[in-house]
Amino acid sequence: MNVYDTLVERGYFADATHPEKIKEYLSKPGAVFYIGFDPTADSLHIGHLTQMMVMAHMQKAGHIPIALMGGGTGRIGDPSGRSDMRQLMTTETINHNVEKFKEQMTRLIDFSDDKAIIANNADWLLNINYIEFLRDIGVNFSVNKMLATDIYKNRLEDGLTYFEFSYILLQSYDFLELFRRYHCRLQMGGQDQWANIISGVDLIRRVEQEEAYGMTFKLLENSAGEKMGKTAKGALWLDADKLSPFEFYQYFRNMEDASVIKTMKILTFLPLEEIAKYEKLEGQEINQAKEVLAYEVTKIVHGEEAASDAQKQARQLFSGAGRSDNMPTYELTEDEAFNTAILDLLSTNKMVPSKSEGRRLIKQGGVYLNDIAITDPNALMNANDFKNNEVIIRRGKKNFFRFILK
């Protein structure tokens, strides 16, 4: 099967500039394509995992991925989908983030023997001659067309700097450089990148009189059309130091029923025939599919051992025992633990998004201390709460946290 059809069947596909020509381009092994990653944090997140899965499917089909690190564009930041300007980062921070990205990508992409390429647009963007760039590249862009795109149109009322306005030129130039250096004819990315992608396709046509193509895939969303990937601690990070494998596992184990099958198709390599069996499950049986989904995604990101540990821990917690040695654990001194507001502990350790949300949960009976509901937002933890030097706090039905004395 052509990998193009695979991406469509598994639910990745959003749009393409030349569907039939892309399919033909991908009909033989060796097609070169790229996806860009701006290093705006020191870890990839769940949205990036979708892009990495696309790269993995393409590589399995014999094609050559280029993971383009935005060492140059990261100094500006993509305005797509933004209502404000991104915080500017130092060169040291950007380089550190790029290295972290490379490390995480090797979990899914094989970079050995030129099977995949890591490029960094800092190599060609940082030494651009501004006048030559405007003369050779800028002349190919219509300001009227740029202002008509959603990228910029939505920002005009709130203010758009020329700094950000130049981003689309730089990303288009990236595609041109990769075409020249690696004969790359296909750029892929999230559907919010459509305007940037077609601008690059057009630039190659204008400058090189050659064909290039663009393809976008759907953003990972829940049934309400909202982006997936937010936890009490922020983004659903792929770095175990920023979000533990257990918490990562739990995100998918607790996923809403309506999103399970769609997510299983996108974020696992399970055959579609097997996924079709899980699609038939109803009621409580859907929990079987959630457990499989959580295990498979955690295995891809953190490895089989971490996935098995997370699964074991979840089963221990939900079997009624309410305790696991592997649950998220926080150490406290006696001064930090005794006569401390439980609400403060929830907020300080990011077990809730905010104090106001924690207060609401407590009032509604959604927080438990050693399996006893806490209903007073001002309730304090004291020495009597510690059994065998530990306290278990539960948020809702499925989120357990352990506090131990140092």
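Summary table
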| quantity | calculated |
| --- | --- |
| Degrees separating the helix 46-60 axis from the principal Cα axis of the chain, which is the longest one | 60 |
| Pairs from Lys60/Lys242; Lys227/Lys406; Lys242/Lys277; Lys28/Lys145; Lys227/Lys350; Lys280/Lys363 whose Cα-Cα separation, in the structure shown, is over 28 Å | Lys60/Lys242; Lys227/Lys406; Lys242/Lys277; Lys28/Lys145; Lys280/Lys363 |
| Computed E for Asp335/Arg135 - FRET, C-beta separation, R0 60 angstrom, nearest 0.05 | 0.35 |
| C-alpha long axis of helix 91-105 to longest principal axis of the chain, angle in ° | 80 |
| Charge sum, other residues only, whose C-beta stays under 10 Å from Thr216's C-beta, Lys/Arg counted +1 and Asp/Glu -1 | -1 |
| Cα-based convex hull volume of segment 230-321 per residue, rounded to whole Å³ | 102 |
| Cut-off 9 Å between beta-carbons: net charge of the residues surrounding Lys100, Lys and Arg +1, Asp and Glu -1 | -3 |
| Computed lengthening from Lys312 to Ala240, 0.36 nm per intervening residue step minus Cα-Cα distance | 24.2 nm |
| Among Arg75, Arg206, Arg394, residue whose mean-square fluctuation peaks in a GNM of the chain (springs only between Cα atoms under 10 Å) | Arg206 |
| Given charges at beta-carbon only (K, R positive; D, E negative), |dipole| of the chain in Debye | 620 |
| Gaussian network model of the chain, Cα within-10 Å springs - most flexible of Ile128, Ile118, Ile261 | Ile128 |
| Straight-distance crosslink candidates among aspartates and glutamates, where the alpha carbon sits under 20 Å from Lys115 and sequence neighbours closer than 8 are dropped | Glu99, Glu103, Glu177 |
| Rel. contact order, % - alpha carbon contacts under 8 angstrom, at least six apart, the chain | 15 |
| Restraint check, Lys218/Lys262; Lys218/Lys299; Lys100/Lys355; Lys262/Lys290, Cα-Cα greater than 20 Å | Lys218/Lys299; Lys100/Lys355 |
| Reciprocal of mean inverse Cα separation for the chain (Kirkwood radius, Å) | 23.4 |
| MRE, 222 nm, helices only [DSSP H, n ≥ 4, -39500 (n - 2.57), over the chain, to nearest 500] | -12500 deg cm²/dmol |
| Net length gained if the chain between Ala148 and Asp192 were fully extended (0.36 nm per residue, minus Cα distance) | 14.4 nm |
| Using alpha-carbon coordinates, inclination of helix 304-316 to the longest axis of the chain, degrees | 30 |
| Point-to-point label distance, Ser354-Asn287, nm (Cα→Cβ direction, 7 Å offset) | 3.3 |
| Calculated FRET value between Lys406 and Leu380, using beta carbons and R₀ = 25 Å, to 0.05 | 0.85 |
| Rounded FRET efficiency, nearest 0.05, which uses the C-beta distance separating Met1 from Glu390 and R0 of 45 Å | 0.30 |
| Residue among His45, His63, His183 with the largest mean-square fluctuation in a Gaussian network model of the chain, springs linking Cα atoms under 10 Å | His183 |
| Surrounding net charge for Arg360, when Lys and Arg each add one and Asp and Glu each subtract one, Cβ distance under 14 Å | +2 |
| Mean projected area (nm²) of the alpha-carbon convex hull when segment 3-217 is viewed from all directions | 11.6 |
| Percent of Cα pairs exceeding the 19 Å cut-off, where the set is segment 329-405 | 24 |
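Taken together, the values in this text are just the output of simple stated rules run on the coordinates, not laboratory data. These figures come from a predicted structure and were not determined experimentally. Neighbour counts run over all protein chains shown; Cβ positions are idealised from the backbone, glycine included.
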